[in-house]
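Participant: Attaching a single structure in structure tokens format; questions to follow.
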Amino acid sequence: MADKKKCRKSITLDMKLKIIRLYDEGVIQAEIGRKLGFTRTTINTVMKNREKIVADVKSATPVNTTTIRKRDSIVADMERLILWIENQTTRHVPVNQAIIQSKALSLFNDLKANKGEAAKNAEFVASRGWFDRFKKRSNLHNIKVQGEAAAADTEAAESYPSEFAKIIEDGGYSMDQIFYVDETGLFWKKMPARTFIARQEKSMPGYKKAKDRITLSLKNYVKTRLPVHWRANKKSWVTADLFEDWFDTCFVLEVKAYCKDNNIPFKILLLVDNAPGHPQTLDELNPNIRVEFLPPNTTSLLQPMDQCVIAAFKLNYLKRTFSKCIAAIDKEEGAGQEVLSKFWKSYNILDCIKTVRDV
């Protein structure tokens, strides 16, 4: 029988970008191959050439673009913001017309500044007309944002518990050797949005909400003496580098000590969800720790930390801060608003950390 030559399947630039996006969303290479009809070797090759592919995409003309007239080079470069839009979609961040127009204008001004004298006469107005043309060129369409649970993969969520049970059984893990982890944001100076008032009262004055975010530094304080693991980041979300650092320098050391103190074999099963901030290489970092990832789009249905654990933590944190706040108001004389403002000004990031420790 004559050997049949395999038909080579070409991959477009758009398809390569799709492969990279799926991988960044936490989908493993084998699953990407099954979804898109490519071998694992092909997917691996794409990921190895990731930097070149992204560079090619950035220099490429937007998809479905029809050139009608010669356009200013800065404006053409600026319209690469389709990549920014796609990145926001990957991170589940909704963007409307006003946000896109604002980002476009900001990007244009940055590009103009970088080009210097050569671009001093360049002009751009992120008008409604420009947006309509950009939307058509880039094949954008408007959809209603759905909640996390609405977009969840219920079929995968229903089948995973039995799969996870088999992993536990095959690995011989006890309940003391299984851990779950997740992240959450924290409004550390939050006040209630509603209040109870006497029946005869119709309303009460509002208050200025504290907008402080945890971006303050801890000057003159030894970070290693803090009751938490302190890491700083310019962005408000966990990055892959931060999460890997936490895994290496925090989780591994503490869970090893935990096993020793409780006379448990150092063999751990860690469950995390599929998120861009959770690198797929975690399972390769320590031979004593197996890392399992929840199936994509099942976090809202399966993540154990979402089953009131995070909610309970935040509730207890608020109860403790409110107790301190009320104690301060009861202790001092004067208008409640003045005392409240004084309390929040004195409540610093170190107080927040100590409250988190006590929760």
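The values are calculated or read from the model by the stated rules, or taken from the named source; none is laboratory data. Predicted model only: the values in this text are computed from it and were never measured. These accessible areas exclude ligands, DNA and RNA; they are computed on the full protein's heavy atoms, side chains included. Shrake-Rupley method; radii C 1.70, N 1.55, O 1.52, S 1.80 Å.
Participant: Residue-wise, which Karplus ³J(HN,Hα) couplings in Hz belong to segment 25-33, taking 6.51 cos²θ - 1.76 cosθ + 1.60, θ = phi - 60°, and x for glycine or proline?
Facilitator: 7, x, 7, 6, 4, 4, 5, 4, x
Participant: OK, next. Between Trp130 and Tyr258, what length in nm is gained on full extension when 0.36 nm per residue of separation is reduced by their alpha carbon distance? Please list the in-between numbers first.
Facilitator: On the way: separation 128, 0.36 × 128 = 46.08 nm, distance 5.95 nm.
Full-extension gain reported as 40.1 nm.
Participant: What does the extension gain come out to for Cys250 and Ile310, with contour length at 0.36 nm per residue minus their alpha carbon separation? Spell out each step's value before the answer.
Facilitator: Numbers: separation 60, 0.36 × 60 = 21.60 nm, distance 1.98 nm.
In short, 19.6 nm is gained.
Participant: So which of Lys103/Lys136; Lys223/Lys345; Lys189/Lys345; Lys135/Lys234 end up more than 20 Å apart, counting from Cα to Cα? Let's see the in-between values first.
Facilitator: On the way: Lys103/Lys136 18 Å; Lys223/Lys345 22 Å; Lys189/Lys345 10 Å; Lys135/Lys234 31 Å.
Long pairs (Cα-Cα over 20 Å): Lys223/Lys345; Lys135/Lys234.
Participant: Using a 1.4 angstrom probe on the protein heavy atoms only, could you order Ser323, Ser174 from most to least accessible area? Each step should come with its number before you reach the end.
Facilitator: Values: Ser323 75, Ser174 50 Å².
Final ranking, largest accessible area leading: Ser323, Ser174.
Participant: Which order do Arg231, Arg50, Arg128 take by accessible area at a 1.4 Å probe, largest first?
Facilitator: Working: Arg231 115, Arg50 80, Arg128 145 Å².
Reading off the accessible areas and sorting them downward yields Arg128, Arg231, Arg50.
Participant: Taking the full set of protein chains and a 1.4 angstrom probe, give the accessible area of Ile11 in square angstrom, rounded to the nearest 10.
Facilitator: For Ile11, solvent-accessible area is about 40 Å².
Participant: Which value, in Å² rounded to 10, gives the accessible area of Ser341 with a 1.4 Å probe and all protein chains present?
Facilitator: Its heavy atoms expose roughly 60 Å² to the probe.
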